[in-house]
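To start, the structure itself, in structure tokens.
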Amino acid sequence: MQDPSAIELRLPDESDDSLRALVEEAIRKADELPPHHRALANWARTEPRLGQAVCEVIYRLDRGTLRVATRNQESLSTAPDLLGSDSATHIAPERWLVHGWIQSAINLYFPLAQLETYRAGELEFFDKIPPKRDLASAGIRVVPPGIVRYGAHVEKGCVVMPGYVNIGARVGTGSMVDTWATVGSCAQVGKGVHLSGGVGLGGVLEPAGARPVIIEDGAFIGSRCVVVEGVLVEEEAVLGAGVVLTASTPIIDVTGANEVVHKGRVPARSVVVAGVRPRRFPAGEYLLPCALIIGQRSESTDRKTSLNAALRDFSVSA
Ligand SMILES: CC(C)(COP(=O)(O)OP(=O)(O)OC[C@H]1O[C@@H](n2cnc3c(N)ncnc32)[C@H](O)[C@@H]1OP(=O)(O)O)[C@@H](O)C(=O)NCCC(=O)NCCS
């Protein structure tokens, strides 16, 4: 099996800025080629340094020294909603910055990587991106058949039950990816987050700069929730079981005298449950799904969402 982190495949001495310049050059070269040549990574054959730059970006994503989106430390939870933002590269402009060149590097990596057979006992796989290695030294517990792909970063002290963490994704320390939960490419999950069984966080690689799903520190995402299309779930928010959030889903705060509608963003510490609302169409009135903010996180919510520490503790100090 090839080792995608082999030093001869990469450019370990380049700064992040110089990697960015090389990746941008690779993007230009790839764009100049007809699509079938792009898929063969011809740009990397003629200029191996560009291919090495792409591999170095994936290595740094894997090690966690680069990430697809970064939090602006100066921002507060007063960020505006996604829809209505006129920038394609920001989630709630002051709050998160998306690094489109890193998403492009992931896209460029696929044609570079070799298809190979991987084996786990009697099981066989045929793919380009191997599973992450050295889990014990990284301090991550991965329960079979959970998979963290090379190029995703899972911080020390996380538990990945039989779920899936895709390339470019990031999971913060002390978080749990429970059984059949999937963290899509580039999705950003904060510290101490619980992704309950069957949660689906959407992935995004294109267009470059497109907003990934972001789940901030301390959030609890209930069983079988789906969060897609760059929705931002702010700190310590709670999504009740089965909530589906797309960028179009009205997230309606019903706790005051008048409803307040958010789109693309769940405000910090909100408790959100699945709802429906009437919508009139030419054929008549129908009930469409929505999400309802029914309150703020309280002690009772915490009791219902608190996790059994014994299940998570595996003697790794985060
Ligand atoms: C959202 C949740 C945490 C409850 O939050 P809470 O702040 O404790 O809310 P409460 O139970 O006090 O409920 C407040 C009101 O909202 C209603 N409500 C709460 N959760 C609801 C839900 N998921 N759907 C519909 N209504 C809900 C309650 O019936 C209650 O109404 P009432 O005052 O008329 O009785 C809980 O419903 C939930 O979904 N938990 C996630 C469970 C899960 O996925 N576990 C993962 C295991 S791996």
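Where a number appears in this text, it was derived from the coordinates with a stated rule and is not lab data. Owing to the predicted nature of the structure, the values given are computational and were not obtained by experimental measurement. Note that we place each Cβ from the backbone using ideal geometry, even for glycine, and neighbour counts take in every protein chain shown.
I'd like the orientation of helix 100-112 relative to the chain: the angle between its Cα long axis and the longest Cα principal axis, in ° from 0 to 90, rounded to 10.
Its long axis makes an angle of about 50 degrees.
Apply the Karplus curve 6.51 cos²θ - 1.76 cosθ + 1.60, θ = phi - 60°, to the phi angles in the stretch 207-212 and return the couplings in whole Hz, x for Gly and Pro.
For the stretch 207-212, the Karplus curve yields x, 3, x, 5, 6, x Hz.
Over the residues of the stretch 134-297, compute the C-alpha Rg and express it relative to 2.2 N^0.38 Å.
1.07
Taking other Cβ within 10 Å of each residue's Cβ, how do Ser104, Ser18, Ser223, Ser306 sort, fewest first?
By the 10 Å Cβ count, ascending: Ser306, Ser18, Ser223, Ser104.
Against the longest alpha carbon principal axis of the chain, how many degrees, from 0 to 90 and to the nearest 10, is the axis of helix 16-32 turned?
It is inclined by approximately 80 degrees.
Rank the residues Asp253, Asp302, Asp62 as a footprinting-exposure proxy: fewest other Cβ atoms within 10 Å of their Cβ go first.
By the 10 Å Cβ count, ascending, the order reads Asp302, Asp253, Asp62.
If amide hydrogens are placed 1.01 Å from N in the peptide plane, which non-local residues have theirs closer than 5 Å to the one on Lys128?
Glu116
Mind checking the alpha-carbon convex hull of the chain and giving the volume per residue in Å³?
Expressed per residue, the convex hull around the Cα atoms of the chain is 174 Å³.
Test of understanding: ordering Cys55, Cys186 by Cβ neighbours within 10 Å, fewest first, what list do you get?
Cys55, Cys186
Can you work out the Karplus-derived ³J(HN,Hα) for every residue in the stretch 134-139? Use 6.51 cos²θ - 1.76 cosθ + 1.60 with θ = phi - 60°, whole Hz, and x for glycine or proline.
Couplings: 6, 5, 4, 6, 7, x Hz.
Output the 0 to 90 degree angle, nearest 10, between the alpha-carbon long axis of helix 48-63 and the longest principal axis computed from the alpha carbons of the chain.
40
Per residue of the stretch 197-206, in order, report the coupling 6.51 cos²θ - 1.76 cosθ + 1.60 (Karplus, θ = phi - 60°) as ³J(HN,Hα) in whole Hz, putting x for Gly and Pro.
x, x, 5, x, 9, x, x, 8, 10, 9
So what is the 222 nm mean residue ellipticity for the chain from helices alone, if each DSSP H run of at least 4 adds -39500 (n - 2.57) and you divide by all residues, rounding to the nearest 500 deg cm²/dmol?
Estimated from H runs of four or more residues: -6500 deg cm²/dmol.
Taking the chain as a Gaussian network, Cα atoms linked when under 10 Å apart, which of Thr117, Thr179, Thr249 shows the biggest mean-square fluctuation?
Ranking Thr117, Thr179, Thr249 by mean-square fluctuation puts Thr117 first.
Name the residues whose placed amide hydrogens come within less than 5 Å of the amide hydrogen of Gly151, ignoring near sequence neighbours (fewer than 5 apart) on the same chain.
Result for Gly151 returns Asp62.
Counting only residues 5 or more places away or on other chains, whose amide H sits under 5 Å from the amide H of Leu288 once H atoms are built in the peptide plane?
Those lying under 5 Å, H to H, from Leu288 are Arg277, Arg279.
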